[in-house]
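Following this message is one structure expressed as structure tokens.
The values are calculated or read from the model by the stated rules, or taken from the named source; none is laboratory data. The structure presented is a predicted model; accordingly, all values stated were derived computationally and were not measured. Please note: Cβ atoms are built from the backbone with ideal geometry, for glycine as well, and neighbour counts cover all protein chains shown.
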Amino acid sequence: MGNSLLNRIGIPRLIISLFLAFLVASAFSYGLPMGQIFGAMLTRFGMNALLVLAMIPTIQAGAGPNFGLPFGIICGLIGATLAIELDLRDFTALFFAIGVSVPLGAFAGWLYGLLLNRVKGQEMTVGTYMGFSIVSLMCIFWLMAPYTSPEMVWPYGGDGLRVTVVLDGRMEQLLDKLWSFTIGTVRIPTGLLVVTAICCVLLWIFMKTRTGLAMSIVGSNPRFAEASGLNVNKYRLIASVISCAMGAAGIVIYSQSYGFIQLYQAPLYMALYSVSAILIGGASLQRATITQALIGTFLFNALLVIALPVANVAMDSDISEIMRVIISNGIILYALTRKEVGGDAR
Amino acid sequence: MKLIQKNIVPIVFIILCTIGFQYSGLSWIFFANDLMTRLARNSFLVISLIIPVLAGMGLNFGIVLGAMAGQFAAFITVVHNLTGIGGFFAACVMAIPFAILFGWLTGILFNKAKGKEMITGLILGFFANGIYQLVCLIFIGWLIPISNKALLLPSGVGFVNTLDLKIWQYAIDKFYVFRARGIDIPVLKYLNNINIPVLTLTIVVLLCIAVVLLFRTKLGQDFRAVGQNRHIAEIAGIKVDRVRIIAVIFSTVLAAWGQLIFLQNIGNVQVYGSHVQVGTFAVAALLIGGATVSKATIGQALLGTVLFHALFIVSPLAGKNLMGSAQVGEYFRVFIAYGVIGIALALHAWQRLVKKQ
Amino acid sequence: MTATARLEMRNIGKEYYGNRVLKGVSFTLGTGRVLSLVGENGAGKSTLMNILFGMPVIHATGGFDGEIRLDGEKVVIKSPEEAMKLGIGMVHQEFMLLPGFSITENIKLNRETTKSSFLSRLFGKSMKWLDMPAMKHDARESMDAIGLGIDEMLPVKGLPVGHMQFVEIARELDKKNIRLLVLDEPTAVLTENDAEKLLEAMRILTDKGISILFISHRLDEVMKASDKIVVLRDGEQIAETTPSETTIEKIAELMVGRKIESGEMRGRPVSSIRDEYILQIKDLHVAMPGESVKGVTLDVKQGEILGIGGLAGQGKIGIPNGIMGLFPSSGDVLKNGLPVRLNDARFALDNGMAFVSEDRRGTGLLLDDSIEFNIVATATQIQGKYMTQGKIRILDSKGMGKYAQQLIKELDIRCTGPSQLTRRLSGGNQQKVCIARAITLAPNLLFVSEPTRGIDIGAKKLILDHLVKLNRENGLTIIMTSSELAELRSICDRIAIVYQGKLEGILLPADSDRDFGLMMAGEYHKFHEKEAV
């Protein structure tokens, strides 16, 4: 019985939860400002949730976690930078950015999906490198693009856009501050969490529609799907489109909460962090649920948020970035080496 | 026509390099010298990829771990101040146990992720980099005492960003560097002004011969058999898992030496950066030479190293002259490295899928 | 006392998960002799060979009973390597050749001739040089011995299959200690001409004193090549005979023969089913690897249960897979007089056809989804069943659960509940889920492929009974494909036998064992022609 419970929670999740609990306890004992920390955890959770949820469609459709998420992310960045270029502010800017990035992301996802259908079985490797290449290609774009907004280009004759664009007064923390309130010392980013919840509900409904079900059938067993008259490639394509569109919207929401748009190499490893978050939540490379995405996003980000101050106090050095690298890649390795699926029924 | 089709990748890059060279405005001499240096210091790393390819494990992105092994050995020589060619060879010897250990662990991991070696190797590289940072940034000076405080960050914990390797810089490069003289044949006369690191090149040539010879041994035959079909090799009684681990160990040890050759030419270690892109650049070079995920030769490795680094030399200047920004060239070559790998992997996966159907 | 036999199998028995697949098989094979093993699929031939070759699957499932003697000496064979060391060679049904290696390298695979080198003294024998000239010489010798005249350095890729087969035999022959060679259906992929050559090669081998265990479905070859014939059926040794004492006809009868009480045959007289056709198949070709169909013409009557029988690999399974659009096919198929669009699974499903696949775990199930979702999955997609009404239609979990409960009861699916994952079910219960899924589509023509393969007797009976019930009560036309002739004879009205991708003939359940055996071996027409003359 205890064993099956352990199986259900999963060893990595258990270790990370315990580690998190340990860090929270030490943060308490060091007398760190817990209210701020919990607030930051909630914000980071909301910032990243959509990017992690974006993994679900491709995993469910059998194309594995979307390592090609940068295809969507750069579309989001284009949308966000365009909003500033047009000198938009507040919700106009946010809605414009999302409105532009989602169709762009969907288009990029469509192209990426066409590629994925030709490289079945190798989606992860190909996706990773295609993602890397598109990010470095976009670096050239950021350098050359004819943007003029003084907030974005280098002030003194440098080439192209700045590495980080400040969103102060544009859409910085727009959602975070919406209906925001504090409990004790914890600030709740209500708007951000509400948006996350809405995304979850929409995704949940979609996954239950005929198309969503078909996608999940295709991912679960492509031969079954074919025998059921489904066009496997079509549904994998749809999954890629949705995933990249979510990634595009996700990075806009991420950026507004963060207060900066990060350009150039910044999106390089974002897919990896999203992949590891959903795996930490207990998903496998073949199956993932919304709950797993949410749990994983929370655990992963909470850990990073709390590790930084605790490490600073405890050992006077920045171990949090190192930890992020080790944990996120460690969990992906774990998933890669796990037997494809559970034991034989016999 | 078939010849062109077969070698389309190198041909495209030869054209790209030629155009780039034209626009870079570089002199032949400078270009050739730079290329010679880069060929000498990088080809070893590229050759280290061949064995796993032939053993059917694809492109070993895990050679990053080999580079780390080399760097650990380099740190030891710095800490103990082992200088000159003796210091360099001491580093080569000390790198072996690290590399064998890392290669063995990588091999075990690859055996658990059969068919997904490449993505596993890539992620393993990132993961190992985290562990590496943990050791170099946190453990050094804390758990691992270092007497020479000049090597450490002001806090006394962790290595500084750049470690000087002057103690054995050019340890082998400087041997028998000669300039060919008195050649007065058109084209060839350019050789007159080129520095040729004879010893380094000799070592590379010896390595090439060794790899060729390896494939004439029983072990080499096993590599090839396992590379073609694990199942049939297993039926024939070959211990497939063991052979695969040995292939990875070979690759990792060679990569460690390759990294040391690289470092002795550069003359310093970027403690947190020198190794990071080793896998990507070596793989890209091999692929540019015309290799695929399942086929690679020494000729392809050498040709690829030349082409990839030629592009490396010319692209910033060409970028500046063409687009008015050297940055464009920098990003362009990164894009080329990633793009070549991405496209090669995609083509390979596609072909395999088509074959299956 | 005669000379000790090369191979003696004594009372061999084997059980897989409580399923007896071999019972007390005993025979002897003399030095330089050929013994043929014949039997239907599932008769136990492969298991017997796996035991002899020490395959891991045998030892992972609890070993076997009885003993094996080689030249009078009792041997325990725990792995293929040990078998090889003892001088047992095997030519597998699938080629075990590396396409990128030359013939020589394949013949010498992992038995390369080596010379020591400087490094081998330091690092052991894996660093020894390959001695190519010596390897070539050995390969040439073995190839010459069986009359394979091609260049020994040719790459295997691109060789005709006949040559590949010979390379495999040359490889076994090159193992100098070889005493016993197992040939598992070596002629299945060969042309008649090549097969003829192979039989000659076998004679050369036996002249060298090598004993051969020959497995084949081609009875004429068996008669020609063997000194002794052992017939297996259902894991039991039915007969041991010699070509001179028997005839093809008798062997065929022995292979198939099974006491079926006429009471067990539930097929109805042909006259009771009207000549109204639900499906008319004309010249159907299906490119299903290993089960290709090469021009089958067959009519299916409305309301009957039609069986399709035949040995594995002859194409019977290709027929439903082709019509249901799972493998590329061509030909003319009419359903209720209207043409069926081939290569379109959706069309078949939309037109009242449903399929229970023989590949239960591969094609039939979503192993990591619940029983209830498995049952309704296809119906949600094809017919929009079990979806909520309204503008945005999503899966109706309640309706699905209720319906699943009802089917679980009806089909007696043993499970913890409708939400259990199908992976956790036993084979029999998984099969019931597959059938439940098919009937959820409310088809008027049901294809059932190998419905009882690998499931226990209790579930077998239940499934067959349910199929009959569906047929009799709902008038559902069923086309059942099975390797188990007995089960076809027990419920079908008519049975079509397929041989080499073509229809060999149609029999009634009550026809004689001899006819069934001959048809399955493809000898029926030859034989009857002879009789007629």
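Within the range A:175-197, does at least one residue satisfy the condition of being closer than 21 Å to A:ASP87 by Cα, in contact (Cβ under 8 Å) with a residue 12 or more places away in the chain and of a type in the set (A, V, I, L, M, F, W, C)?
Among the residues of the range A:175-197, at least one is closer than 21 Å to A:ASP87 by Cα, in contact (Cβ under 8 Å) with a residue 12 or more places away in the chain and of a type in the set (A, V, I, L, M, F, W, C), which makes the answer yes.
For (1) surrounded by fewer than 23 Cβ atoms within 10 Å (Cβ to Cβ); (2) of a type outside the set (Lys, Arg); (3) modelled with pLDDT under 85, each residue gets a yes or a no:
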| residue | (1), (2), (3) |
| --- | --- |
| B:ASN193 | yes, yes, yes |
| B:PRO197 | no, yes, yes |
| B:ILE203 | yes, yes, no |
| B:ALA284 | no, yes, no |
| B:ALA291 | no, yes, no |
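Tell me which residues, restricted to the range B:127-166, are in contact with a Ser or Thr (Cβ under 8 Å, 6 or more places away or on another chain) and surrounded by 20 or more Cβ atoms within 10 Å (Cβ to Cβ).
B:LEU137, B:GLY158
A follow-up question, please. Quick check on my filter: what residues within the range C:423-432 are in contact with a helix residue (DSSP H, G or I) (Cβ under 6 Å, 6 or more places away or on another chain) and either more than 15 Å from C:GLY454 (Cβ to Cβ) or of a type in the set (Gly, Ala, Ser) (or both)?
C:GLY428 - this is the single residue of the range C:423-432 that is in contact with a helix residue (DSSP H, G or I) (Cβ under 6 Å, 6 or more places away or on another chain) and either more than 15 Å from C:GLY454 (Cβ to Cβ) or of a type in the set (Gly, Ala, Ser) (or both).
Separate question: Out of the residues in the range B:214-231 that are outside any helix (DSSP H, G or I) and facing chain C (nearest Cβ under 7 Å), state the one that is nearest to C:LYS115 (Cα to Cα).
Only one residue fits best here, namely B:THR217.
To keep it simple, each residue is scored yes or no on (1) at negative phi; (2) under 23 Å from the mean Cα position of the chain (by Cα).
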site: C:LEU205; (1), (2): yes, no
site: C:LEU213; (1), (2): yes, yes
site: C:ASP234; (1), (2): no, yes
site: C:PRO243; (1), (2): yes, no
site: C:THR247; (1), (2): yes, no
site: C:GLU264; (1), (2): yes, no
site: C:SER271; (1), (2): yes, no
site: C:LEU284; (1), (2): yes, yes
site: C:GLN302; (1), (2): yes, no
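For every residue, the table says whether it meets (1) touching a Phe, Trp or Tyr at 6+ places or on another chain (Cβ under 9 Å); (2) over 24 Å from C:LYS176 (Cα atoms).
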{"position": "C:GLY30", "(1), (2)": "no, no"}
{"position": "C:VAL34", "(1), (2)": "yes, no"}
{"position": "C:LYS45", "(1), (2)": "no, yes"}
{"position": "C:VAL75", "(1), (2)": "no, no"}
{"position": "C:GLU81", "(1), (2)": "no, no"}
{"position": "C:LYS85", "(1), (2)": "no, no"}
{"position": "C:GLY100", "(1), (2)": "no, yes"}
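Okay, next question. Restricting attention to the range C:345-373, which residues are buried (at least 24 other Cβ atoms within 10 Å of the Cβ), more than 7 Å from chain A (Cβ to nearest Cβ) and touching a Gly at 6+ places or on another chain (Cβ under 9 Å)?
C:ALA348, C:VAL356, C:ILE371, C:GLU372
Any idea which residue in the range A:269-280 is farthest from the other protein chains (Cβ to nearest Cβ), counting only those that are of a type in the set (Gly, Ala, Ser) and closer than 20 Å to A:VAL102 by Cβ?
By that ranking, first place goes to A:SER274.
Now for a separate question. Answer yes if at least one residue in the range C:375-384 is facing another protein chain (nearest Cβ under 9 Å), in contact (Cβ under 8 Å) with a residue 12 or more places away in the chain and over 30 Å from C:ASP493 (Cβ atoms), and no otherwise.
For the range C:375-384, residues facing another protein chain (nearest Cβ under 9 Å), in contact (Cβ under 8 Å) with a residue 12 or more places away in the chain and over 30 Å from C:ASP493 (Cβ atoms): present.
Separate question: Look at A:ALA227 and say whether it is free of Cβ contacts under 8 Å to residues at least 40 places away in the same chain and on the phi < 0 side of the Ramachandran plot.
yes
Among the acidic types (Asp, Glu) and more than 25 Å from C:LEU29 (Cβ to Cβ): is that true of C:GLU105 in this structure?
yes
Which residue pairs have Cβ atoms under 8 Å apart, sit 6 or more places apart or on different chains, and have a first residue in the range C:42-70 that is outside the structural domain of C:GLY309 (by TED's automatic domain parsing) and a second that is aromatic (Phe, Trp, Tyr) and buried (at least 18 other Cβ atoms within 10 Å of the Cβ)?
Every condition considered, the pairs that remain are C:ILE51/C:PHE64; C:ILE58/C:PHE64.
Now, a different point. State all residues of the range A:141-176 that are outside any loop (DSSP other than H, G, I, E, B) and closer than 19 Å to A:PHE96 by Cα; if no residue qualifies, say none.
A:VAL165, A:VAL166, A:LEU174, A:LEU175, A:ASP176
Check C:GLU112, C:GLU105, C:GLU81 and return the single one that is within 8 Å of chain B (Cβ to nearest Cβ), part of a helix (DSSP H, G or I) and either crowded, with 19+ Cβ neighbours inside 10 Å or at positive phi (or both).
Going through C:GLU112, C:GLU105, C:GLU81 in turn, the sole match is C:GLU105.
Which residues, counting only those in the range A:107-129, are part of a helix (DSSP H, G or I), among the small types (Gly, Ala, Ser) and surrounded by fewer than 20 Cβ atoms within 10 Å (Cβ to Cβ)?
Across the range A:107-129, there are no qualifying residues.
Just to be sure I understand the filter: pairs with C-beta atoms under 6 Å, separated by 6 or more residues or on different chains, first member in the range A:120-149 and basic (Lys, Arg), second member surrounded by fewer than 22 Cβ atoms within 10 Å (Cβ to Cβ) and not in a loop (DSSP other than H, G, I, E, B). Which pairs pass?
From residues that are basic (Lys, Arg), the pairs are A:LYS120/B:LEU353.
OK, next. Which of the numbered conditions does C:ASN429 fail, given that it passes all the others? Conditions: (1) in contact with a Cys (Cβ under 8 Å, 6 or more places away or on another chain); (2) loosely packed, with under 14 Cβ neighbours inside 10 Å.
Condition not satisfied by C:ASN429: (2).
Please state which of the following conditions A:GLY184 fails to meet, knowing it meets all the rest: (1) on the phi < 0 side of the Ramachandran plot; (2) more than 14 Å from chain C (Cβ to nearest Cβ).
(1)
Related question: Would you point out which residue out of A:ALA266, A:ALA283 is more than 19 Å from A:LYS120 (Cβ to Cβ) and away from chain C (no Cβ under 14 Å)?
Criteria check complete, one pass: A:ALA266.
In the range C:490-533, how many are aliphatic (A, V, I, L, M) and surrounded by fewer than 20 Cβ atoms within 10 Å (Cβ to Cβ)?
5
Cβ-Cβ below 7 Å, separation at least six or inter-chain, first residue in the range B:195-206 and closer than 20 Å to B:TRP28 by Cβ, second not hydrophobic (A, V, I, L, M, F, W, C): which pairs?
Within 7 Å, the pairs are B:ASN195/B:ASN33; B:ASN195/B:ARG179; B:PRO197/B:ASP173.
For the range C:416-432, check the following and say yes or no: at least one residue is under 20 Å from C:GLU484 (Cα atoms), in contact (Cβ under 8 Å) with a residue 40 or more places away in the chain and touching a strand residue (DSSP E or B) at 6+ places or on another chain (Cβ under 6 Å).
no
Check B:GLY56, B:GLY141, B:GLY70 and return the single one that is more than 9 Å from chain A (Cβ to nearest Cβ) and either charged (D, E, K, R) or at negative phi (or both).
Selected residue: B:GLY70, the only one of B:GLY56, B:GLY141, B:GLY70 that is more than 9 Å from chain A (Cβ to nearest Cβ) and either charged (D, E, K, R) or at negative phi (or both).
Going by the conditions given, is A:LEU272 surrounded by fewer than 21 Cβ atoms within 10 Å (Cβ to Cβ), modelled with pLDDT of 85 or more and in a helix (DSSP H, G or I)?
Against the criterion (surrounded by fewer than 21 Cβ atoms within 10 Å (Cβ to Cβ), modelled with pLDDT of 85 or more and in a helix (DSSP H, G or I)), A:LEU272 does not qualify.
Going residue by residue through the range A:158-171, is there one that turns out to be closer than 17 Å to B:ALA346 by Cα and free of Cβ contacts under 8 Å to residues at least 12 places away in the same chain?
So far as the range A:158-171 goes, no, none of its residues is closer than 17 Å to B:ALA346 by Cα and free of Cβ contacts under 8 Å to residues at least 12 places away in the same chain.
Something else about it: Quick check on the range C:118-130: of everything there that is at the interface with chain B (Cβ under 7 Å from one of its Cβ atoms) and either in contact with a Leu (Cβ under 7 Å, 6 or more places away or on another chain) or not aromatic (Phe, Trp, Tyr) (or both), which residue is surrounded by the fewest Cβ atoms within 10 Å (Cβ to Cβ)?
This residue is C:LYS125.
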